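Here it is, the structure in full.
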Amino acid sequence: MSLPLIPLLCAILAGLGALLIVIAGVGILRMPDLPTRMHASSKAATLGTALILLAVGIWFGEAAVLVRTLLIVLFLLVTAPVAAHMIARAGYRGGVPLAEDTALDEYRPTVTRDAAPRD
């Protein structure tokens with residue numbers, strides 16, 4: 001890749017990453033219940049952060065920096081969905097109500113819920 005294209009590529013990656021993070025923030029505000037909010041935050045914010053980190057790794061142009069950013073992206077892609085699932089499950093078990101228009105509750109047969117959320 002020629003050198004003048006690197007700043008353009010980094011700007012595009014960072015811009016898309018920032019846009020995805022903003023979309024994740026809007027999703028957190030607009031979604032009706034905890035599981036859908038966790039879905040919005042874990043998917044869009046993780047991908048947005050990964051794009052920004054890739055832009056940083058490409059910008060510096062050193063192999064060591066790029067390897068570190070790729071390892072961080074891999075770590076985020078592995079841990080963020082698991083963490084979001086565990087937080088949503090803890091909220092479900094703690095009695096956080098689902099949205100009124102929830103059509104299917106797949107946890108009901110296997111997970112016990114507390115009566116009301118704890119203060």
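One line per residue, one yes/no per condition, for (1) more than 28 Å from G17 (Cα to Cα); (2) modelled with pLDDT of 85 or more; (3) aliphatic (A, V, I, L, M):
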residue	(1), (2), (3)
T49	no, yes, no
V67	no, yes, yes
L74	no, yes, yes
A80	no, yes, yes
P109	yes, no, no
T112	yes, no, no
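Here's another thing I want to ask about it. Going residue by residue through the range 96-117, is there one that turns out to be closer than 30 Å to L8 by Cβ and either of a type outside the set (S, T, Y) or loosely packed, with under 11 Cβ neighbours inside 10 Å (or both)?
no
Within the range 59-80, identify whether any single residue is open to solvent by less than 50 Å² (accessible area, probe 1.4 Å), among the small types (G, A, S) and closer than 30 Å to R113 by Cα, and answer yes or no.
Within the range 59-80 (the criterion being open to solvent by less than 50 Å² (accessible area, probe 1.4 Å), among the small types (G, A, S) and closer than 30 Å to R113 by Cα), the answer is yes, since at least one residue qualifies.
Another question, then. For the range 18-58, enumerate the residues that are among the small types (G, A, S) and either surrounded by fewer than 17 Cβ atoms within 10 Å (Cβ to Cβ) or more than 12 Å from the chain's Cα centre (by Cα) (or both).
The answer is A18, G25, A55, G57.
The values are calculated or read from the model by the stated rules, or taken from the named source; none is laboratory data. Since the structure is predicted, the reported quantities are computational estimates derived from the model, not experimental observations. So basically every Cβ, Gly included, is an ideal-geometry build from the backbone, and we count neighbours across all protein chains shown. Calculation scope for accessible area: heavy atoms of the full protein, side chains included, ligands and nucleic acids excluded. Shrake-Rupley method; radii C 1.70, N 1.55, O 1.52, S 1.80 Å.
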